[in-house]
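Heads up: the structure comes next, in structure tokens.
The values are calculated or read from the model by the stated rules, or taken from the named source; none is laboratory data. Computed from a predicted model, the values in this text were never measured in an experiment. So basically every Cβ, Gly included, is an ideal-geometry build from the backbone, and we count neighbours across all protein chains shown. The accessibility values were calculated without ligands, DNA or RNA, using every heavy atom of the protein model including side chains. Shrake-Rupley method; radii C 1.70, N 1.55, O 1.52, S 1.80 Å.
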Amino acid sequence: MTPVELGDALADAAARAVREGALPMAARTGPPPGTRFRPTEQRSPGSISDWVTPVALRWAPALGVQPRDVARELARSLGLDPRVEAVEVAPSGLLLITLTALARGAVVDAVLAAPDAWALGPGWREPPTEPAGARPPDDPVRQAQVAHARLCRLVRNAEALGVQVRGSRGREDLVEVSERRLLVALADLPQRAAAPGDAVTDLAGLADDWRAPVHPQVVGAPVERVHGARLGLATAARVVLRNGLWRLGASAPERM
């Protein structure tokens, strides 16, 4: 799920709560405008959500309801969405949303369906031309270029060993913390495309932290379903990182 899809789900949850009498009629028009979701910062292992939103805090004054009461009703209603695994209410009233593995992994299919448009937006012209290694080693953009080249290598090696991306099969296997955070970052980049600098370097760091095998590690071992799922993730991450580098006016070399 992308932030846009999460926003639609939140609006549906609010409308459901209004129909049930749990929120006032003023909530039927939907939450206030503006950025509503951001990736959750990593917490302790086994206790990680995907997205956090302050919408209850921002919306409560207009509704005349306490923020935690708004948050509790939104959490209860949003939890009925089959794409949502869990919703926590923080003491401050923040909502912490955990998606199902399939809903989180759906961004891979969305990216691969529109690789030349994801996070680029309308009016995009030609990608920049820049020789590999043109930037100094300590340039964060160069480090993002290196991360892109590493993803390209992962994809080449996996394909050479017979791994294939097979539609949405296996997306539910992408459950490691590093995979979850990378998937959320892919979904998050379009809403940060207006100022992509930190978004691109953050994504590059998450891609480098992801070290799960994309192909069998033992000679003669069979290709497993999870390898195809991870190849899809690597391919999607490569596409999004490439598009982000282009927005920064940087090339996206496949080898460095």
Of all the residues that make up the range 166-183, how many are aliphatic (A, V, I, L, M) and either surrounded by 22 or more Cβ atoms within 10 Å (Cβ to Cβ) or on the phi > 0 side of the Ramachandran plot (or both)? 3
Residues in the range 4-17 that are crowded, with 19+ Cβ neighbours inside 10 Å and out of contact with any Leu (no Cβ under 9 Å at 6 or more places or on another chain) total 1
Please state which of the following conditions Thr201 fails to meet, knowing it meets all the rest: (1) surrounded by 20 or more Cβ atoms within 10 Å (Cβ to Cβ); (2) within 15 Å of Leu151 (Cα to Cα); (3) among the β-branched types (Val, Ile, Thr); (4) within 16 Å of the chain's Cα centre (by Cα). (1)
Pairs with Cβ under 9 Å, 6+ apart, first in the range 2-19 and without any contact (Cβ under 8 Å) to a residue 40 or more places away in the chain and assigned to a helix (DSSP H, G or I), second buried (at least 18 other Cβ atoms within 10 Å of the Cβ) and aromatic (Phe, Trp, Tyr): Gly7/Phe37
Single residue of the range 59-90 satisfying the filter (over 25 Å from the mean Cα position of the chain (by Cα) and part of a loop (DSSP other than H, G, I, E, B)) that is surrounded by the fewest Cβ atoms within 10 Å (Cβ to Cβ): Gly64
Is there any pair with a first residue in the range 26-37 that is within 15 Å of Trp51 (Cα to Cα) and open to solvent by less than 50 Å² (accessible area, probe 1.4 Å) and a second that is modelled with pLDDT of 85 or more and among the small types (Gly, Ala, Ser) whose Cβ atoms are under 9 Å apart and which are 6 or more apart or on different chains, and what are they? Phe37/Gly7
Which condition number does Ala195 fail, the rest of (1) over 19 Å from the mean Cα position of the chain (by Cα); (2) at pLDDT below 90 being met? (1)
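In the set Ala119, Ala147, which member is in contact (Cβ under 8 Å) with a residue 24 or more places away in the chain, open to solvent by less than 60 Å² (accessible area, probe 1.4 Å), assigned to a helix (DSSP H, G or I) and closer than 15 Å to Leu245 by Cβ? Steps first, please.
Values: Ala119 fails: assigned to a helix (DSSP H, G or I).
Going through Ala119, Ala147 in turn, the sole match is Ala147.
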